[in-house]
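J.: Quick one: the structure is below, questions incoming.
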């Protein structure tokens, strides 16, 4: 058995573990890195399989088989990267939605507070303006 097969298998397993840890901890970067490590492992394992299959065949047959297997390995790698990109896109969309909802809630709460206590709101705004002016003039 070619060394690339066993090394590829180990990388694939390591990538699965890394992706799982990323899912448990909620770390999308670690999830993507795990997917990419899996893809690298699959490609390396495919190369090892190709080398094993090609021992004892003619050069033309070897070249044709290698070309086919390289194409298949490249397609697998593309699929892994696309899956990771889709997962990141979905997570980014979810985070954006939560941020938007939080900002909307804050804006509504602030508007309600201003309507219920306009004098207090004006005094707070004036105090903040005064503090900002003092900070800006203190730098000069």
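J.: Quickly run through the stretch 58-71 and pick out the residues that are exposed (fewer than 14 other Cβ atoms within 10 Å of the Cβ) and part of a helix (DSSP H, G or I).
T.: Filtering the stretch 58-71 for residues exposed (fewer than 14 other Cβ atoms within 10 Å of the Cβ) gives 58-61, 63-64, 67-68, 71.
Listed by number, the residues that qualify are 59, 60, 61, 63, 64, 67, 68, 71.
J.: Moving to a separate point now. Only one residue in 80, 114, 95 is at pLDDT 85 or above and farther than 15 Å from residue 50 by Cβ, so which one is that? Don't jump to the end; show me each part of the working.
T.: Values: 80 fails: at pLDDT 85 or above; 95 fails: at pLDDT 85 or above.
So the residue among 80, 114, 95 that is at pLDDT 85 or above and farther than 15 Å from residue 50 by Cβ is 114.
J.: Can I ask one more? Just to be sure, is residue 45 in a helix (DSSP H, G or I), at pLDDT 80 or above and either over 16 Å from the mean Cα position of the chain (by Cα) or buried (at least 16 other Cβ atoms within 10 Å of the Cβ) (or both)?
T.: Working: in a helix (DSSP H, G or I): yes; at pLDDT 80 or above: yes; either over 16 Å from the mean Cα position of the chain (by Cα) or buried (at least 16 other Cβ atoms within 10 Å of the Cβ) (or both): yes.
Spelling it out, residue 45 is indeed in a helix (DSSP H, G or I), at pLDDT 80 or above and either over 16 Å from the mean Cα position of the chain (by Cα) or buried (at least 16 other Cβ atoms within 10 Å of the Cβ) (or both).
J.: Taking the condition within 30 Å of residue 42 (Cβ to Cβ) and assigned to a helix (DSSP H, G or I), does residue 109 pass?
T.: It is false that residue 109 is within 30 Å of residue 42 (Cβ to Cβ) and assigned to a helix (DSSP H, G or I).
Let's see how each residue does on (1) within 20 Å of the chain's Cα centre (by Cα); (2) exposed (fewer than 13 other Cβ atoms within 10 Å of the Cβ); (3) at pLDDT 85 or above:
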residue	(1), (2), (3)
14	yes, no, yes
51	no, no, no
119	no, yes, yes
126	no, yes, yes
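J.: Evaluate the stretch 64-74: report whether one residue or more is farther than 30 Å from residue 38 by Cβ and out of contact with any helix residue (DSSP H, G or I) (no Cβ under 6 Å at 6 or more places or on another chain). Explain how you work it out, then say what you get.
T.: First pass over the stretch 64-74, keeping only residues farther than 30 Å from residue 38 by Cβ: none.
Within the stretch 64-74 (the criterion being farther than 30 Å from residue 38 by Cβ and out of contact with any helix residue (DSSP H, G or I) (no Cβ under 6 Å at 6 or more places or on another chain)), the answer is no, since none of the residues qualifies.
J.: Does residue 89 satisfy the condition of being surrounded by fewer than 16 Cβ atoms within 10 Å (Cβ to Cβ) and under 18 Å from the mean Cα position of the chain (by Cα)?
T.: Spelling it out, residue 89 is indeed surrounded by fewer than 16 Cβ atoms within 10 Å (Cβ to Cβ) and under 18 Å from the mean Cα position of the chain (by Cα).
The values are calculated or read from the model by the stated rules, or taken from the named source; none is laboratory data. Since we're looking at a predicted model, the values are computed, not measured. A quick note on method: Cβ atoms are made from the backbone with ideal geometry, for glycine too, and the neighbour counts reach across all protein chains shown.
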